[in-house]
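What follows is a set of notes on a single structure, which appears directly below.
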Amino acid sequence: MNLLRLFKLTYILLICTFLLIGCRQTKYVPAGRFLLNKNEIIQSGDKLDGYELEEIIRQKPNYRSFGVKWKLMAYNAIDSAKVANKRFLKNTELREENKKRLIREDRINAKRIAKATNKNREFYTHKTIQLKDTADPRMFFREWYKYKLGRPPVVFDSIPYRKTIEQFEAYLKTKGYYYGSV
């Protein structure tokens, strides 16, 4: 009986894993563009420091662990339009809340001014109510998951590719390979 239950749980876990891995990685890659899969450096002759060569490369592919691009999956899992719409609504709510707080602050200060004039005082203590932050508001879960945990797809671009080739040539010249080719 226990073995059957373990088999069912393993089967369900396997199905869930395949569903997660089966998500389309090129969901947000424009038509006619390509997802950068990996960078490969092939050396002939003298061996150069591979770590230094890796650091020269301008475009790095998406992070991969256990053969799966987890951060790209996190980015693709949540719809950008829904996140942007919710952010717009949240910002609208924050602005409305700030308007209410400013009206409340004015009302409190008007009462304080009236109380100070009744007591024949020229000065009163100004009340300042703290407003909600609209410039850098707190992220909600889906926004945090998509933009902080997830990473957008790295699309191959020819400009960083050419710049990398130029940097490789300059690196080879500094190492003494004046006739090296990239």
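So here's what we get for this one:
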{"item": "Subset of the stretch 66-88 (residues that are modelled with pLDDT under 75 and over 14 Å from GLY150 (Cβ atoms))", "result": "GLY67"}
{"item": "Every pair of residues 6+ apart whose Cβ atoms lie under 8 Å, when the first sits in the stretch 94-123 and is closer than 20 Å to ASP136 by Cα and of a type in the set (A, V, I, L, M, F, W, C) while the second is open to solvent by 60 Å² or more (accessible area, probe 1.4 Å) and at pLDDT below 90", "result": "LEU94/LYS132; LEU94/ASP133; LEU94/THR134; LEU102/LEU131"}
{"item": "Near pairs, Cβ below 8 angstrom, 6+ apart or cross-chain, from the stretch 154-178 (more than 25 Å from LYS69 (Cβ to Cβ)) to any residue that is open to solvent by 80 Å² or more (accessible area, probe 1.4 Å) and among the aliphatic types (A, V, I, L, M)", "result": "ILE165/VAL182; PHE168/VAL182; GLU169/VAL182; LEU172/VAL182"}
{"item": "Only one of GLU105, GLU143, GLU96 that is over 30 Å from GLU55 (Cα atoms) and touching a helix residue (DSSP H, G or I) at 6+ places or on another chain (Cβ under 9 Å)", "result": "GLU143"}
{"item": "Filter result for the condition that a residue is open to solvent by 80 Å² or more (accessible area, probe 1.4 Å) and modelled with pLDDT of 80 or more, over GLU143, GLU166, GLU105, GLU97", "result": "GLU166"}
{"item": "Subset of the stretch 71-83 (residues that are surrounded by 11 or more Cβ atoms within 10 Å (Cβ to Cβ) and part of a helix (DSSP H, G or I))", "result": "LYS71, LEU72, MET73, ALA74, TYR75, ASN76, ALA77, SER80, LYS82, VAL83"}
{"item": "Evaluation of TYR124 against (1) under 30 Å from ARG33 (Cα atoms); (2) surrounded by 15 or more Cβ atoms within 10 Å (Cβ to Cβ) (one fails), failing number", "result": "(1)"}
{"item": "Scan of the stretch 149-163 for residues that are more than 13 Å from ALA77 (Cα to Cα), outside any loop (DSSP other than H, G, I, E, B) and open to solvent by 40 Å² or more (accessible area, probe 1.4 Å), ordered by number", "result": "SER158, ILE159, TYR161, ARG162, LYS163"}
{"item": "Residue match in the stretch 42-61 (condition: on the phi < 0 side of the Ramachandran plot, assigned to a loop (DSSP other than H, G, I, E, B), among the hydrophobic types (A, V, I, L, M, F, W, C) and exposed (fewer than 12 other Cβ atoms within 10 Å of the Cβ))", "result": "yes"}
{"item": "Residue in the stretch 25-34 that is open to solvent by less than 80 Å² (accessible area, probe 1.4 Å), touching a strand residue (DSSP E or B) at 6+ places or on another chain (Cβ under 9 Å), over 30 Å from GLN167 (Cβ atoms) and at pLDDT below 70 present", "result": "no"}
{"item": "Options GLU122, GLU169; residue that is among the acidic types (Asp, Glu) and in a helix (DSSP H, G or I)", "result": "GLU169"}
{"item": "Options LYS127, LYS90; residue that is over 28 Å from SER44 (Cα atoms) and assigned to a helix (DSSP H, G or I)", "result": "LYS90"}
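The values are calculated or read from the model by the stated rules, or taken from the named source; none is laboratory data. These numbers come from a predicted model, not from an experiment. All Cβ positions, even for glycine, are placed from backbone atoms using ideal geometry, and neighbour counts span all protein chains on display. These area figures cover heavy atoms from the full protein model, side chains too; ligands, DNA and RNA do not enter into them. Shrake-Rupley method; radii C 1.70, N 1.55, O 1.52, S 1.80 Å.
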